[in-house]
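Here is the structure we will look at, set down as structure tokens.
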Amino acid sequence: MIFKKLFSALRGQLNKIANFFFEADPIAVMQLEVDQATERLKEGRKGLEIYRGLVESVARQVASGKANAVQLEAQIKAHLKAGNRDVAAQLAVQLQKAQAELAANEAQVEQHETAYQNNLLKIQKANKDIVKVREKIQKYDAELRMSAAEAEIASISESFDMNVTTDFGQIESVIQRQIDQNRGRTRVATDMSSKGVEAIKAEAAVERAMAEDILSKFEVQLGLKSPETTPVNEAPKRLGPMTDSNG
């Protein structure tokens, strides 16, 4: 009773271990079963080859027995025609024994041939079953990998399910506010950089007028232009109190 309980407990633990490995990698378990079945099939094929060799040996004995019986019959007929009854009688005894052995060998050949064909059919079917199981393993392996990938993608997409009105919406508003602040600083800098532009333009215009006046005077001195055709540019007005030239 104690050993029976211990054996039951041990078998239960072994089943737990087997179930653990089966759940962890069922494809590997199936592949292991197929590999073991393939090895058994190889051993069965070798045994069938040996068995077929025995069948061929018995069949050869049958063929030899038939030839011997035919020869004995011919010898008996020849001795009977020659009047050698004693010799013919001895050959007749041999023929009877040869025919008995031949009948036994023929029965064995028929029996062994039937057994061989039955075992051959079983091995052929087992081979086909193994091929089908291998195809199923490939199919299940592909489906299992695909389903695992789909589950992984689903879990990832679920973790990225943001609420646009809350989390992502708040982040977006912060980004827009920072963009507005940056654009505001850029506008202020642009407006401040335009101060004094008019004064710079006016000063440049005065410089161009003075240069044109100097150039005209130079042309008069060279005789390239008469004084009458030279426009008189008013001197730039000076700001401040007038001074007396006479003193």
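The values are calculated or read from the model by the stated rules, or taken from the named source; none is laboratory data. Bear in mind that the values here come from a model prediction, so they are computed numbers and not experimental data. Every residue, glycine as well, gets a Cβ built from its backbone with ideal geometry; the counts of neighbours run over all protein chains shown.
Brief remarks follow.
- Residues that are surrounded by 15 or more Cβ atoms within 10 Å (Cβ to Cβ), of a type outside the set (Asp, Glu) and more than 27 Å from residue 47 (Cα to Cα), drawn from the range 109-152: 137
- Filtered by the rule that a residue be surrounded by 11 or more Cβ atoms within 10 Å (Cβ to Cβ), at pLDDT 50 or above and part of a helix (DSSP H, G or I), the range 19-34 gives 26, 27, 28, 29, 30, 31, 32, 33, 34.
- Residue in the range 99-108 that is surrounded by 14 or more Cβ atoms within 10 Å (Cβ to Cβ), out of contact with any Pro (no Cβ under 9 Å at 6 or more places or on another chain) and without any contact (Cβ under 8 Å) to a residue 24 or more places away in the chain present: yes
- Residue identified as within 60 Å of the chain's Cα centre (by Cα) and part of a helix (DSSP H, G or I) among 87, 70, 93, 131: 131
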